Every structure is written in structure tokens, then in C-alpha cells.
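Since the structure comes first, as C-alpha cells, the remarks are kept for the end.
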Amino acid sequence: MIKQIMATTVMWLAIAAIFPLYAQQQTAHTLGSLWPKVEENYPGIGAKMSAIDAAKLHERAVRGNTLPQVRAQVQNTYGTYEGSAGAFFPQAGFFNVGGPTNPLNGSSMAANSFGSTTIEWELFSFGRLRKENEAASMLFYKTISEKDAYILNLKKILSERYITLLYNDAKLNWTAKNAERLDSIRNITAGLSAAGLRPAADSLLASSSYVQAIGEHDKWSGVKNASFIKLLELYGDSQVDYTESTNRFSNPNGNSLSEGNVINPSHPILDALDKQAEYYTLSGEAQKRSSLPSIKILGGYAYRGTGISPNGTVSGAWKDGFSNTTNNILAGIGLTWNITSLHTNRLKGEELFKEAESTKFLQAQYEQAMQADLSASQAKILQQYEQLGKTRLAVKQSQDAYDMYLARYKSGLITLSELLQIRILLEQAEDAHIEASRDYWMLLAYEAELTADFDFLFNNL
């Protein structure tokens, strides 16, 4: 019984110890925690989604071309009815008048009413409509790939702006440390000068160095605020908590490099180019098939009323325009063929095929360049991570050396110029580590865009 009680107690203590750590992980602020809000609110993504909707509507509109085309018209007219012999082409600007050449009894003008409905259904087009539908679908999928490519680029921009903010924050803290060191040196030097152990010029030199450091701090304060504003343009909120990322920026947890990475052929940029080439190909095939005949089923219904009665009496009353009605239907099958388009549509189709070929070459060029960039960036990341370890060690050793020399300066064993030179070396070591950190994370952001995988960067910064 006692053993069971002890085991239960140990279990609850373990749960109590683990829960705060779990809660801390759940509320951890990382670069990835910013992305959901950017994805939800950034107008650029909304523009891409609207473009996808437009492409989908275009696809549906093109598919509508396969449906029967139904047209209807109604009209009511009032005019003369004198007939005439002869023939003409029904070009724009003409209207038709039907009537006998012999004079009729009654009014010289008559009212007329007319209504008709026609249906035209393209029954066979040698695959042109099918190719047009496939081209419209390919354009829709291309728009989706373009949206995915835009999101990848937006993730990279967000990462770069976040890294730039952390870099500028590190530089601001670096200048604050430098100013703090110089302030300490200034106070020590002032005390030594007052005691007659150091010349007054040393006090002025220390004060001048301190003022320069304050000016540098003011500069980086403005640069940091500017980078923060640029980040908020994407994030859309007035506050971003990046305090936890500042330590990860200078001390990355691990290296994500995996040897032998290759560019995925389905990368959104490459996929968009592939869909573009396929769209040109399908459009070219549809264009060439437009040269072939089109077979259609035709049908129609017509209603007509007139103020002219069968016995030759003409009424000019408007209501009589709905009298003496006739109803007719017409059905048949027709074949149309624009023979002149045989040559022009063939040339247009070949033009589109060349566009497809050009896009395929561009896709191959992009894939080759992206593969080279990925291999180069992986080589840089590997060495950059090694450099980070060395710069971190250099900062520690420089700090220890500075503390020793500062103690010697307080004891009067070295001069102010020697101490300032040692301080400059410490500054350079810290600055080199900050620069190496920025370069490392920027390389990871570029690699993430090439591999279309931002998981490591979003979770570890």
C-alpha cells in the first residue's frame, strides 16, 4: 500500500513538473507564430485568391460553350409595306420589308408584331471544345500554383524582415553594451585623473569615445524601429513579441542541413511554368482544330402578326398588328467551315506551340538555377554554422581578456589607449558574431524557399 501511494505521488509530481514546460512550449513565440495572422489578413493573398476565383469562373464560362445556344427576340413595328423586287446582302444598316407589289386597300401603313426563338447546338467540332475546356482548366491550376509560389515568397519576405529586426535589435544591444563599457571606462579614468594618476587628456579621450558610442546607439535605435514598422506591414498588428527569438538568433539550436537535397519538380514556381506551357499547348491544339468544320443542330420557332388581312385589307391600328398571326417551326442540321482560316489558324496554333516550347525551356532554366542555388546555399550553411561556433568562442575569449585588461587598467598597469584597443577587439568579435548569425538565418530562409519547406525556420527562430 505504501509503495502504491509513493508511486502515485511521484507520478503527480512528474506531471506537475512537465505541465509548465508543456504550457511554455504551447505559448512559445516563434517566427512561425506570426504566419497564421499574415496568411489571414495580408491583402496580397486575398488578391491571389480572387484571381483563383476569376480563373474558376472563366473555366465554367468556357465549359458553357458546349451547351446549346438559345436566342430569343420580340419586336413590334409600325411602317409601310411596299414590296420590291431584287436582291441584296443583309449587311448592317438594312431592314426587311415584305409585301405585295400590287397596291392593297386601306391604310398605307400597318402595325406588325414578331417573335422568334432559335437554338443552335454544336454537335461535333473535331475536339476543339474539349481542348478549350482543358486549356481553361489548366489556366485555373496555373493560378493555384502562382498563389502557392506567392505564399512561398511571402514567407521568405516575412522571414527576412523578422531576421532583419532581430539583427537590428542585436546591433542596438551591442551599441548599448559598448556605451556601457565606455561609460565605465570614463568614470574610472575621471577618478584616476582626479587623483593625478592619469593625465586630463585621458579623461577627454574616454568621454569622446563614450559620446561616439551614444551616437551609434541612437542610429541603431532608428534602424531597429524602421525594421519593426516594415514587419508590422505584413503582420497587421501593433505588437510583435520577439523577445524569445533574440536568444535563438545568436544561439541557434541546430542545423537543418540534409545532404543531397534536390529541387522538387512540383515546386510551385516550376509547377506554374509547367501549367503555363501546358496551357499554351492545349490552346494551340484548340486553335488548329478551329480550322476544321463545325456540325450543328439547328432549330427555331417564329410567331408573326400583321395588320394586313388575307383579303388585302390593311389596318393602321396598333392592336391589329397582333392579328392575322402565323406560327412556324424550323429544324435541321448544318455544317459551317471557314476555309480561309485553314492557314491563319494553323499559324496561330504554331505560335502557341512555340510559346509552350519557350516556357518549357524557361522551366528547365529555372530548375537548373534553383538546383545550383540550393547546392551552393547548403555549402554556405554548413560553413556558416561552423563559423557561428567559432565567433561565439571568440566573443567569450575576448570578453574574458577585456575583463583582465580592465583590472590591469584600474591598477595602472596599462594605458588608456591599450585598453581602448582591447575594447575595439571585443567589439569586433561581438559584431562578427552578430553578422554571422544574420547571414546564417538569411541562408536558411533562402534554402526554405528553394525547398518549399519553412518548418525548421518557423519553429526554431
May I ask you to rank Leu413, Leu347, Leu31 by accessible area, largest first, using a 1.4 Å probe over the protein chains only? Leu413, Leu347, Leu31
Virtual paramagnetic centre 7 Å along Cα→Cβ of Leu335, amide N under 14 Å, in the stretch 106-143: 123-126
Nitroxide proxy distance, nm - points 7 Å out along Cα→Cβ at Gln212 and Gln383: 3.2
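Return the subset of Lys147/Lys296; Lys131/Lys354; Lys156/Lys348; Lys230/Lys396; Lys171/Lys230; Lys37/Lys396 for which the Cα-Cα distance in this structure is over 28 Å, preserving the input order. Please list the in-between numbers first.
On the way: Lys147/Lys296 40 Å; Lys131/Lys354 17 Å; Lys156/Lys348 40 Å; Lys230/Lys396 33 Å; Lys171/Lys230 17 Å; Lys37/Lys396 39 Å.
Correct reply: Lys147/Lys296; Lys156/Lys348; Lys230/Lys396; Lys37/Lys396.
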Report, in degrees rounded to the nearest 10, the 0 to 90 angle that the Cα long axis of helix 43-63 makes with the longest principal axis of the chain. 30
Expected field for Lys230, accessible surface area in Å² at 1.4 Å probe radius, rounded to 10, holds 110
Roll a 1.4 Å probe over the protein heavy atoms and report the accessible area of Val97 in Å², nearest 10. 60
MRE, 222 nm, helices only [DSSP H, n ≥ 4, -39500 (n - 2.57), over the chain, to nearest 500]: -23500 deg cm²/dmol
Between Gln421 and Ile45, the FRET efficiency computed from the C-beta separation at R0 = 45 Å comes out, to the nearest 0.05, as 0.30
Tell me which of Tyr210, Thr189, Ala226 sits at the most positive position along the dipole axis of the stretch 164-250, charges placed on C-beta atoms (Lys, Arg +1; Asp, Glu -1). Thr189
Between the helical axis of 2-26 and the dominant principal axis of the chain, each derived from Cα atoms, what acute angle in degrees is found, rounded to the nearest 10? 70
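So if each residue of separation counts as 0.36 nm, and I subtract the Cα-Cα distance between Thr313 and Asp400, what length gain in nm does that give?
Residue separation times 0.36 nm, minus the Cα-Cα distance, leaves 19.2 nm.
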Using unit Cβ charges (K, R positive; D, E negative) and no other charged atoms, how large, in debye to the nearest 20, is the dipole of the chain about its Cα centre? 720
How many nm is it between the label spots at Asn105 and Ala407, if each spot is 7 Å from the Cα in line with the beta carbon? 13.8
Sorting Pro310, Ala277, His267 by the position of each Cα along the dipole of the stretch 254-337 (Lys, Arg +1; Asp, Glu -1; all at Cβ), the one nearest the positive end of that ordering is Pro310
Sort out for me the Cα centre separation of the stretch 348-364 from the stretch 205-245, rounded to whole Å. 50
Expressed in square angstrom to the nearest 10, the accessible area of Tyr303 with a 1.4 Å probe stands at 70
Which order do the peptides 44-53, 143-152, 158-167 come out in when sorted by mean C-beta neighbours inside 10 angstrom, highest first? 158-167, 143-152, 44-53
Helix 341-410 sits at what angle to the longest principal axis of the chain, using alpha carbons and giving 0 to 90 degrees rounded to 10? 10
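The values are calculated or read from the model by the stated rules, or taken from the named source; none is laboratory data. Quick caveat, the model's predicted, so the values are computed rather than measured. Here Cβ is always computed from backbone atoms with ideal geometry, including for glycine, and neighbour counts include all displayed protein chains. Protein only, heavy atoms only, side chains kept; ligands, DNA and RNA dropped before computing areas. Shrake-Rupley method; radii C 1.70, N 1.55, O 1.52, S 1.80 Å.
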